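All remarks here apply to the structure that follows.
The values are calculated or read from the model by the stated rules, or taken from the named source; none is laboratory data. Keep in mind that this is a model prediction, so the values were computed, not measured. Cβ coordinates were reconstructed from backbone atoms using ideal geometry, including for glycine residues, and neighbour counts include every protein chain displayed. The accessibility values were calculated without ligands, DNA or RNA, using every heavy atom of the protein model including side chains. Shrake-Rupley method; radii C 1.70, N 1.55, O 1.52, S 1.80 Å.
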Amino acid sequence: MTDCSSHVPVLEVTDLVRHYRLPRESLFAKPGHVYALNGVTFQIQRGKSFGIVGESGCGKSTLARNVMALEETDSGSVKILGQEVVGLSFDQLRPLRQHFQMIFQDPYGSLDPHHTVGRIVAEPLAALGAISNAERDRRVAEVLESVGLKTRDVTKYPHEFSGGQRQRIAIARALITHPELIVADEPVSALDVSVQAQVLNLLKDLQVQYGVTYMFISHDLAVVEYLCDEVAVMYLGEIVEKGLTENLFTNPAHPYTRILLDAVPKPGSGKRRERIKLKGNVTGQTERRVGCSFQDRCPMVQDLCRSEKPPLKEVGPDHLAACHFSDKVSAAG
Amino acid sequence: MSVFFAKRFLTLIVTLIGASMVIFLVMEILPGDPALVILGVDAPESAVVSLTKELGLDRPAPERYWDWISGLMQGQMGNSYAYKVPVWELVEGAVLISLPLALMSIFLSVVLALVIGLYAAANHNKAGDITLMGISQLGISIPNFWLAILVIILFAIELRWLPAGGFPGWDEGILKCLKALLLPAVALATVVGAVLARITRSSVLEVFREDYVRTARAKGLSQRATLWRHVLRNAMIPVLTVTGIQFAALLTGTVVVENVFHIPGLGSLVLKAINNRDTIVVENVVLLLATMVITVNFIVDILYAVIDPRLKAHDI
Amino acid sequence: MSDVQSTSFLSRCRRSRSFVVGGLLTGFLLLCAFVSLFWTPGSAYDIIITNRFLPPSSLHWLGTDQFGRDIVSMLMTGTQNSIVVAVVAVSIGLSIGVSLGLLASARRGWTEELIMRFSDFSFAFPAILSAIMLTAIIGPGGVNSILAIGLYNIPVFARLTRGSANAIWAREFVMAARAAGKGRFRITFEHILPNILSIIIVQATILFAIAILAEAALSYLGLGTQPPEPSWGRMLNEAQTLMFLDPMQAIYPGLAIATAVFGLNLLGDGLRDILDPRLSRKR
Amino acid sequence: MTLLNVKNLNVILETSEGIARAVRDLNFSLEKGETLGIVGESGCGKSMTALALMGLLPEMGKTTGQIELNGENLLEKSEAEMCKIRGNNLAMIFQEPMTSLNPVHTVGRQIMEPLRLHMGLTKEEARAEAVRLLDRVGIPNPRERIGNYPHQLSGGQRQRVMIAMALSCAPDILIADEPTTALDVTIQDQILELIQALVHEEGMGLILISHDLGVVSENTDSIMVMYGGAAVETGRTDNIFDELVHPYTQGLFAAMPKLGRAREARLVTIPGTVPDLVNLPAGCTFTDRCPLATEICRNTPPPIESIDARHAAA
């Protein structure tokens, strides 16, 4: 654990699976499942920002909760700084938690309205065991300052702050243990554009200052492109494409990535552009398909896609895609 | 059969069994020797022993519980210790008074609640609303048996419009009987009606703030049409919950108010039985009342699913 | 609590009419009970048959009953009885019910199922039903009322606590506390309880009112407080037999009950307005 | 005749903290077949403007000014007259498709409602028309879907139902208040395209309200940018982004992460937060956050200047 030599990835997720059981539909039917994660594998290197993009129901929040060891994992492995966390009890995990912290989406829901800012920010220190009051106050003051809040804010309550400031408090809380990894689940999607930019810049600055690694989850491709070095695109509980941000955004190799990028409206680009469109209906999270998970909506679906599952294979340097016809997709771009 | 219904029905059965066990436990096992309870502590030992045998109390508890339940299945409740007649004979007449009284009161209170609640909600924060809510606040504070005494003083003693108490019996004609039940029903319904009226009002106001009400208004529906077509059905969900809870209050209220009016219902029966140490009557009447409460809550659960299609889907 | 919050809290208290009126009535109730411990205008216990049915006078403010006891003194002493029964009964329900509710919410799974099924059938036994059973086996008395009302309060508190606690457990700040490594019991005390406390306080106030009503009903039926101890319900029972002779005797105790319950209900409503920002924002 | 002409529209809200001026001195017009986009951040008054047009402001709201639809001032209409206009001439789509449909009625019944109300159709006619409308908004198996409850549909399908409902009586103007904010980007794409196609076919006017500059830019003819309850910049969509004039619009544009832009370039932020509508400053509402603010800005509200015929800024 203490051996944090630089080649060990900060986060290493291997073949992570998580299925939720649904209540029975009838007395005699088998209970259904929500297939939230179907074998997810990726690594994040120290000091990098890793973006996870996908639409609602693709399993990205489940992934965050599993990486944070906040719920039971069905199978697979999550290693943080080389240390396996799957299978550890809550008590065994406690001392490790200082190394990985989380920022949540809702700046109103993620702060306890009955606690002062000082108490909220100091909360993760609980895992460190006994710590003197003076030391605690010093660290609270330090992180508050580094996120752009004032030291005297410690006695205030969350309702006295605006949404953007609240998200700063949440960031301060995640930073107080000087973690290696911060999992940020849609940290700016509840904010207005002008405030969102402030928070994004803050996250960038803090990465430089603290050398922290981000696992950044968002549905907003532009935000991910702005912040992240590497991106994974998720669809129905699987990573369908992964690569360095500049490669993946300029030369997508999976039709879903392509469509996602095309669907983002761009200001100043005039009336609707030509683009690839989705067909068919959304596949539910409770259904499973033989073959490619994207087959129901893919505009270029073939018989092969319905019978054989495409593996996540190399399509370029550090660029993986799970499509039988990724070369055709790349060529079209 | 939908899983929803099956699940609720199973809950009903389990709750009934649980309730009967609790009653059996409290009435027959906790006191130690029921014979001693019946005869009093000073009774001679020989009398206690012979009564114990006579009542079959020397047999093991599970066996006695099973006898009780299987008897109930066949409509038999055993014999009253005090009157030496089948308990069912005593209970039958009492139920035929208490049940109509309870139904009459719940009907009155729901009607009262809907009229007042809807009027108040429609005139939100206007004089009518504030006055009605003030009155209902008073209504929920008045003990029902005191209200019963007050209506007797007013309608029976001062105005002499209605009988002060007693019950003529169903042979004497339905009208006469309903007249005798009217005052008790009013006394019971006022309090429950006040509670329900407040719930109705706040629930209607809450639903009026929903997005789909705005959608309905955007379609061109008037305020009134929106109320009837979109608000009411949704607003009934919490009202239904509270009606279910209030039914228990109403039923126990019946026990008390029957005593004010000297009506020979379940309430009078059970109090007499307590004075006579007739535990077998108490046991059966309490189970009967508990069954009514449980059944009403079961009906409320089923009604939920009728009103709200989401519930069925959610719970299937 | 910060200055900003406490001042706005006080001003909100003053602005809520329900809170002020309810608080004053409840305060008056407590004062009556307290004063009656040391002093009453007449005697609530001494039976002086020659003094029966005296009309209101400077000595007997509301007159005397059929045994010559002073009505005001009986009412004041009766307050003690009502308050004691209500306080103990609500405390039983509060301590056990809230603990069960918190436990159900923190543990989930079969613990929750068990606690909720238990409270399901406790609901089938309203206070008066339990009191009837208790009286049938141990005879009438004040303890019966306390036990019966207390038992009835347990599932009420358990359900409310579990429902509101579950809502808090679903909030992100609880997930943040989990991510900080805090255990379920620590989170229950640091995050869940403070956030549902106001709801519980409001419910306790309302159940306090209901307990006073239930105690009066039980005493009225002769199942609760026994003579010579004065109680409002008992007074109504005795007055009822004299309805044709002296109807006013049936008025006073009822009025006392209604005032107490009215005050407490208002206090509960006022507290809800003040403590529950979600509701007050909607107004 | 201009289809919709709004003059000096003001909306005030009586809140517990005081009177909030949610919309101030708004002027705009809309022709048949034209689309207008209203952009702004939360609390800028864009939704209040929409509700004021529909006459559906909350009880505490008051509207002054003129809203002329086909030459008639809606603010002078009685509530009964407005009921005939709403859903018939003016229709609206809301942000949350989940909560905007009544959970206890089937979607068919909800679509049939305006048809029977405004067109006087019988139940059978309305049902047939509802099936046709569902088909038109791209819901498969409309004949079966008509008996579904809202919770049985996906988010995108619910929004399609909302659109079917709004279009049922062939309104003159469709107001879409953040119609795709709650939806995924691929679904957003489909819904916006559907709205575009339908507006085009029916030749009605569209007011598209959004916080997303991209959405508005790709789907409208002209744009109005709102800040603190007032319009700060208006213009034709084609050229407004080429020469942004108002510092707020410039700031908003710069603060937005844009796909395909170099990652190294830092986002330019607007300092501070949106103004409190209860205590608005005397002058320009953007003063406290404006990089160019001077003493004049603080004290005097800026006049509206026409940059050219189709572009104006405050």
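Key figures for this structure:
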read-out: Coarse-grained scattering of the range B:94-277 at q = 0.16 Å⁻¹, given as base-10 log I(q)/I(0) from a Debye sum over alpha-carbon atoms; value: -0.94
read-out: Interface area, D with B, accessible, probe 1.4 Å, both sides summed, Å² nearest 100; value: 2200
read-out: Per residue value of the accessible surface for the protein assembly as shown (all protein chains in place, 1.4 Å probe), Å²; value: 42
read-out: For the range B:126-184 and the range D:145-169, distance of Cα centres in Å; value: 50
read-out: Most to least packed among C:177-183, B:202-208 [average Cβ atoms within 10 Å]; value: C:177-183, B:202-208
read-out: Relative contact order computed over chain D (Cα-Cα under 8 Å; 6+ residues apart), in percent; value: 21
read-out: Per-pair calculated FRET efficiency, R0 = 25 Å: B:I307 and D:E59 via Cβ, rounded to 0.05; value: 0.35
read-out: Mean separation of Cα contacts under 8 Å (6+ apart) over length of chain C, as relative contact order %; value: 25
read-out: Calculated diffusion of the protein assembly as shown, Stokes-Einstein form, Kirkwood radius summed over Cα pairs, 4 °C and 1.567 mPa s, µm²/s; value: 37
read-out: The range A:15-118: proportion of alpha-carbon pairs further apart than 17 angstrom, %; value: 64
read-out: Surface accessible to a 1.4 Å probe, A:H115 within the full protein complex, Å²; value: 10
read-out: Chain A, Rg to Rh (Cα coordinates; Rh as Kirkwood inverse mean 1/r); value: 0.99
read-out: Average other protein chain Cβ within 10 Å of Cβ, residues B:272-278; value: 3
read-out: D:A282 versus A:D205: modelled label distance in nm, points set 7 Å from Cα along the beta carbon direction; value: 3.4
read-out: Qualifying GluC sites (Glu not before Pro) for the range D:42-116 [loop in DSSP, other Cβ within 10 Å: at most 15]; value: D:E59
read-out: Helix-only mean residue ellipticity at 222 nm for chain A, each DSSP H run of n ≥ 4 adding -39500 (n - 2.57), per residue, nearest 500; value: -8000 deg cm²/dmol
read-out: Alpha-carbon centroid distance for the pair the range A:192-209 / the range C:63-96, whole angstrom; value: 64
read-out: Qualifying lysines (Cα of each under 28 Å from Cα of D:K77; at least 8 residues distant if same chain); value: B:K126, B:K219, D:K7, D:K32, D:K46, D:K62
read-out: Test item: Cα-centred dipole of chain A, Lys/Arg +1 and Asp/Glu -1 on Cβ, debye; value: 680
read-out: Rg(Cα) / (2.2 N^0.38 Å) computed for chain C, rounded to two decimals; value: 1.18
read-out: Proximal lysines relative to A:K328, as straight alpha-carbon distance under 30 Å, when same-chain residues fewer than 8 apart are discounted; value: A:K60, A:K242, A:K266, A:K271, A:K277, A:K279, A:K309, A:K313, D:K258
read-out: Among B:58-69, C:98-109, D:10-21, the order from most to least packed when residues are scored by Cβ within 10 Å on average; value: C:98-109, D:10-21, B:58-69
read-out: 10 Å binning of all Cα-Cα separations within chain D, expressed as whole percents from 0 upward; value: 6, 25, 33, 23, 10, 3, 0
read-out: Sum of -39500 (n - 2.57) over DSSP H runs of 4+, divided by residues of chain D (222 nm, nearest 500); value: -9500 deg cm²/dmol
read-out: Dipole moment magnitude, nearest 20 debye, the range D:106-167 about Cα centre, only Lys, Arg, Asp, Glu C-beta charged; value: 100
read-out: Karplus-derived 3J(HN,Hα), 6.51/-1.76/1.60, for each residue of the range A:33-46, Hz, glycine and proline x; value: 10, 9, 8, 6, 10, 10, x, 10, 10, 6, 10, 10, 8, 3
read-out: More than 38 Å apart - percent of Cα-Cα pairs taken over chain B; value: 29
read-out: Dipole magnitude of the protein assembly as shown, debye to nearest 20 (Cβ charges: Lys/Arg +1, Asp/Glu -1, about Cα centre); value: 440
read-out: Charge-dipole axis of the range D:79-189 as Lys and Arg at +1 and Asp and Glu at -1 on Cβ define it, positive-most pick from D:P140, D:G156, D:G87; value: D:P140
read-out: Full-stretch length increase - C:T241, C:F38 - with 0.36 nm per residue and alpha-carbon distance subtracted; value: 70.0 nm
read-out: Shape box of the range D:106-167 [Cα atoms, principal axes, largest first, Å]; value: 30, 19, 19
read-out: D:E72-B:I237 pseudo-label distance in nm [points 7 Å out on the Cα-to-Cβ vector]; value: 3.8
read-out: For the range D:60-161, the fraction of alpha-carbon pairs in successive 5 Å shells from zero, as %; value: 2, 12, 19, 20, 17, 12, 10, 7, 2, 0
read-out: Angle between chain B longest axis and helix B:87-122 axis [Cα atoms, degrees, rounded to 10]; value: 20
read-out: Per-pair calculated FRET efficiency, R0 = 25 Å: D:E14 and B:D211 via Cβ, rounded to 0.05; value: 0.65
read-out: Charge dipole of the protein assembly as shown about the Cα centre (unit charges at C-beta), most positive-ward option of C:A216, B:V242, A:Y214; value: B:V242
read-out: Per-residue mean of C-beta atoms belonging to partner chains within 10 Å, peptide A:46-59; value: 1
read-out: Relative contact order %, the range D:106-167, counting alpha carbon pairs below 8 Å whose residues are six or more apart; value: 44
read-out: Distance between the range A:157-187 and the range B:242-263 - C-alpha centres, whole angstrom; value: 55
read-out: The protein assembly as shown, accessible surface, carbon-and-sulfur percent (1.4 angstrom probe); value: 59
read-out: Peptide-level mean, for C:209-217, of C-beta atoms on other protein chains within 10 Å; value: 4
read-out: Charge dipole (the protein assembly as shown, unit charges on Cβ, about Cα centre) - positive-most of B:T190, C:L114, B:G71; value: B:T190
read-out: Area buried, chain B against chain C - accessible surface, total, 1.4 angstrom probe, square angstrom; value: 3600
read-out: Accessible area buried between chains D and A, both sides summed, probe 1.4 Å, in Å² to nearest 100; value: 3700
